[in-house]
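Participant: A single structure is presented below for examination.
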Amino acid sequence: MNKELKFKILQLCSGHYLSANIPNNWYDLAEEEQHEFLTDNVWEPFETYDVEFVWRCITSATKATQEFMENNTNIIIDINFN
């Protein structure tokens, strides 16, 4: 899986825990700016959780999605061509 697709999955998964997906320039932001973005955009049900916990949820969901896609590539390709 290429780097661009992995980042798109990270952005997608971030939207499950944040009110806005992480921006395209995420890796260009300083760590403090990333932390501020997460704090400012945490989705209401997660507001009481530590921002590091929310980040772990995002990265865990990202990893699970990537693994699913890698393990089911043949099904995904079949669905797209039928």
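Coordinate-derived values only; no laboratory data. Keep in mind the model is a prediction, meaning the values are calculated, not measured. Using ideal geometry, Cβ is built from the backbone for each residue, glycine included, and neighbour counts are taken over all protein chains shown.
Participant: Please give the length that would be gained between TRP43 and ARG56 if that part of the chain were fully extended, namely 0.36 nm times their separation in residues minus their C-alpha to C-alpha distance (nm, one decimal).
Facilitator: 3.2 nm
Participant: OK, next. At 18 Å minimum axial length over the Cα atoms and a Kyte-Doolittle cut of -0.5, report the qualifying DSSP H helices in the chain, or say none.
Facilitator: Details: long enough: 51-71 (30 Å, -0.15).
Helices passing the filter in the chain: 51-71.
Participant: How would you classify the chain from its alpha-carbon gyration tensor, with a ≥ b ≥ c the square roots of the eigenvalues: rounded for a/c under 1.5, else prolate if a/b is greater than b/c, otherwise oblate?
Facilitator: prolate
Participant: Right, here's the next one. If contacts are Cα pairs under 8 angstrom and at least 6 residues apart, what is the relative contact order of segment 17-60 in percent? Before the final figure, lay out each step's value.
Facilitator: Working: 23 pairs, mean separation 21.3, N = 44.
It comes to 48 percent, rounded to a whole number.
Participant: A further question on this structure: Sort MET1, MET69 so the one with the fewest other Cβ atoms within 10 Å of its own Cβ comes first.
Facilitator: Ranked by crowding around the Cβ, least crowded first: MET1, MET69.
Participant: Among ILE22, HIS35, SER60, whose Cα lies farthest out toward the positive end of the dipole of the chain, if unit charges sit on the beta carbon of Lys, Arg (+1) and Asp, Glu (-1)?
Facilitator: Going by the charge dipole, the pick is SER60.
Participant: Still on this structure: Order of LEU18, LEU12 from fewest to most other C-beta atoms within 10 Å?
Facilitator: Lowest to highest Cβ neighbour count: LEU12, LEU18.
Participant: Sequence-distant or interchain residues sharing an amide H contact under 5 Å with VAL42, placed H: which?
Facilitator: SER19
Participant: Just how large is the dipole of segment 17-60 about the Cα centre, in debye to the nearest 20, putting +1 at every Lys and Arg Cβ and -1 at every Asp and Glu Cβ?
Facilitator: 260 debye
Participant: Also, quick follow-up: For the chain, calculate the relative contact order in percent as a whole number, restricting contacts to Cα pairs under 8 Å that are 6 or more residues apart.
Facilitator: In percent, rounded to a whole number, it is 33.
Participant: Let's see if you can work this out: charge +1 on each Lys and Arg Cβ, -1 on each Asp and Glu Cβ, no other charges. What is the dipole magnitude of the chain about its Cα centre, in debye to the nearest 20?
Facilitator: Value, rounded to 20: 460 debye.
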